[in-house]
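Colleague: First the structure, then my questions, so here it is.
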Amino acid sequence: MVKLVKFISIITIFANLFGCKAPKPDILDGPGMVYVDGDYRTEYANTLPFDEYEGYPFWAVVYLSEEKNTQYYIDKLFSGLSEESKKKIKQYDFGGNKMYLIIPRYADETEISKIGDAENSLQFYDGTPFVLKCGADVKICIYTHGGHEFTPQTDENGKLICTEDVWDITEYKQ
């Protein structure tokens, strides 16, 4: 029995040294890149230079200081898209007095809910941007890349509070 185990071990070692090698994995960055992020983003996100932005945000966000700025930003950011695409952008009112235009990077499941009230959440799957009227008691979640969430808020100077998942494009110039 011991001789059989030794024999199999020797055969296994030789097989590993001279053959039976796994194929090399595809390299995901550099020249000849296999993964192209733009192929997975929404048409809305592809109007923004996500590839040029340092970091890997899952949302681009505009803090709308006034409601009348909503259409201005939609027309400015999505000027290359059809009117039909622009009309798909909906507004959701979760109470509060601040408004944000939120552009998901991907068309994965997005969930909006009041903090502590996940039962009354709003979910959509197409990655369409949305205008959100809320206070600091709402969270936005996605379930890609291990899941990410953020709460839209501004600081005392009226600037959007950002995390590594959020790109502030309030002052973005095309």
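Colleague: Let me check something: with ligands and nucleic acids excluded, how do 131, 36 order by accessible area (1.4 Å probe), largest to smallest? Mind showing how you got there, number by number?
Modeller: Values: 131 5, 36 65 Å².
These residues rank, largest area first, as 36, 131.
Colleague: Which order do 119, 109, 43, 67 take by accessible area at a 1.4 Å probe, largest first?
Modeller: 119, 67, 43, 109
Colleague: Leaving ligands, DNA and RNA out of it, work out the accessible area of residue 126 with a 1.4 Å probe and give it in Å² to the nearest 10.
Modeller: It works out to around 90 Å².
Colleague: Any chance you could get the radius of gyration and Dmax over the Cα atoms of segment 36-112, in Å?
Modeller: Over segment 36-112's Cα set, Rg and Dmax evaluate to 13.0, 38 Å.
Colleague: A follow-up question, please. Report, by chain and number, residues whose modeled amide H sits under 5 Å from the one on residue 109, excluding near sequence neighbours (fewer than 5 apart, same chain).
Modeller: 143
Colleague: Moving on to the next point. Once you have the Cα-Cα distance between residue 53 and residue 120, take 0.36 nm times their residue separation minus that, and quote the gain in nm to one decimal.
Modeller: 20.7 nm
Colleague: Calculate, in whole percent, how much of the Cα-Cα pair population of segment 50-174 lies beyond 21 Å.
Modeller: Values: 2756 of 7750 pairs.
In whole percent, the long-distance tail amounts to 36.
Colleague: First check a/c for segment 68-125, with a ≥ b ≥ c the square roots of the eigenvalues of its C-alpha gyration tensor; if it is under 1.5, answer rounded, and if not, answer prolate when a/b is larger than b/c or oblate otherwise.
Modeller: Taking the square roots of the gyration eigenvalues as a ≥ b ≥ c, segment 68-125 is oblate.
Colleague: Another question, if that's okay. Students often get this wrong, so check it: of 114/159; 68/114; 68/98; 68/90; 133/159; 98/139, which have C-alpha atoms separated by over 18 Å?
Modeller: Distance filter (> 18 Å) returns 114/159; 68/114.
Colleague: Right, here's the next one. Would you list 13, 103 from the most to the least accessible area, probe 1.4 Å? If you can, show how the numbers build up before the last one.
Modeller: Working: 13 100, 103 0 Å².
The residues order as 13, 103, largest area first.
Colleague: Would you kindly derive the ³J(HN,Hα) couplings of segment 96-101 from the backbone phi angles with the Karplus curve 6.51 cos²θ - 1.76 cosθ + 1.60 (θ = phi - 60°), listing them in order in whole Hz, with x for Gly and Pro?
Modeller: Running phi through 6.51 cos²θ - 1.76 cosθ + 1.60 with θ = phi - 60° gives x, 10, 10, 10, 9, 9 Hz.
The values are calculated or read from the model by the stated rules, or taken from the named source; none is laboratory data. Computed from a predicted structure; not experimentally measured. Please note that ligands, DNA and RNA were not included when accessible areas were found on the heavy atoms of the full protein model with its side chains. Shrake-Rupley method; radii C 1.70, N 1.55, O 1.52, S 1.80 Å.
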